[in-house]
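Okay, structure first, notes after.
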Amino acid sequence: MTRNFQPTPSLPHGRVHHVLVSREQIARRVAELAGEITSVYEGRELTIVVVLTGALTFTADLIRRLPLPLRIEPVAVSSYTGEATRPKKGEFRLPLPEELRNRDVLIVDDIFDSGQTMAILVESAYGAGARDVKRCVLLRKDRPDLADRGEVDYFGFDIPDEFVVGYGLDFNGYYRNLPDIGVLQIHAEDSDQ
Ligand code: IMP
Ligand code: MG
């Protein structure tokens, strides 16, 4: 499906080459995921750990479809420095609350790439006393080079190993406000060669 992004005020790193997941596809899948999560957690109280900043948009849409008693705890883990497109070792910029005792935690992130961010968060949540920790991401990136990156419990879409932006996902801090998920031109041109 091809669709042009709405004109955006500043695109410092190039245009979006093509839409990979449209806003309509996202909305449908988020509703399905929410249904799945609701049926699993029925009768329980949930603590959603939202991984800033990328998972903000996804989490905002997801939680409005979860008719459960829930609380939200924000966390931030740095994965990149500057404009690199491969994660560097994760470091908390905003730590988890120290006390998650006996809580059922659902970690929500935008994308599962190397799995490093998720692994750190799961370990920290159990370390803070969580009773149960599950992992939810919107996108699961295909990384056949990483046999041992772990798993997630809920995901929206499997995508190829390309650098994507939009719907919360950024490149160097930009593009998070785009309503669809797309591949940056600079990256798409790289893989055309
Ligand atoms: P992981 O720790 O390698 O699984 O990386 C996950 C984190 O890297 C996510 O929380 C994203 O912030 C970021 N990330 C990985 N791939 C992309 C991408 O294609 N676009 C934007 N951010 C990405
Ligand atoms: Mg992130």
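The values are calculated or read from the model by the stated rules, or taken from the named source; none is laboratory data. Quantities reported herein were computed from a predicted structural model and do not represent experimental measurements. Because the Cβ atoms are built from the backbone with ideal geometry, glycine has one as well, and the counts that use them run over all protein chains shown. Quick note on the areas: whole protein, heavy atoms, side chains included, nothing else; ligands and nucleic acids left out. Shrake-Rupley method; radii C 1.70, N 1.55, O 1.52, S 1.80 Å.
When the range 11-35 is filtered for residues that are loosely packed, with under 13 Cβ neighbours inside 10 Å and either more than 17 Å from the chain's Cα centre (by Cα) or within 16 Å of ligand 2 (Cβ to nearest atom) (or both), the ones remaining, listed by number, are P12, E24, G35. When the test is whether a residue is more than 10 Å from ligand 1 (Cβ to nearest atom), open to solvent by 60 Å² or more (accessible area, probe 1.4 Å) and either of a type in the set (G, A, S) or touching a residue at least 12 places away in the same chain (Cβ under 8 Å) (or both), D132 does not pass it.
Annotation note: Cβ proximity below 6 Å between a residue of the range 139-168 that is free of Cβ contacts under 8 Å to residues at least 40 places away in the same chain and a residue that is among the aromatic types (F, W, Y) (sequence gap 6+ or interchain) occurs for R140/F112; R140/F155. Here is the figure for the range 156-184: residues that are out of contact with any helix residue (DSSP H, G or I) (no Cβ under 8 Å at 6 or more places or on another chain), within 16 Å of ligand 2 (Cβ to nearest atom) and assigned to a strand (DSSP E or B) total 7. Given the criterion within 24 Å of A76 (Cα to Cα) and either at pLDDT 95 or above or hydroxyl-bearing (S, T, Y) (or both), identify the matching residue among T47, T38. So the residue among T47, T38 that is within 24 Å of A76 (Cα to Cα) and either at pLDDT 95 or above or hydroxyl-bearing (S, T, Y) (or both) is T47. Restricting the range 60-87 to residues that are within 12 Å of ligand 1 (Cβ to nearest atom) and surrounded by 17 or more Cβ atoms within 10 Å (Cβ to Cβ) leaves a set whose member that is modelled with the highest pLDDT is V75. Here the condition is being open to solvent by less than 20 Å² (accessible area, probe 1.4 Å) and more than 14 Å from ligand 1 (Cβ to nearest atom); of Y175, Y154, it holds for Y154 alone.
Yes/no matrix, rows are residues, columns are (1) at pLDDT 95 or above; (2) within 22 Å of L56 (Cβ to Cβ); (3) of a type in the set (A, V, I, L, M):
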position	(1), (2), (3)
R93	no, yes, no
K134	yes, yes, no
L139	yes, yes, yes
P144	no, no, no
I181	yes, yes, yes
Q193	no, no, no
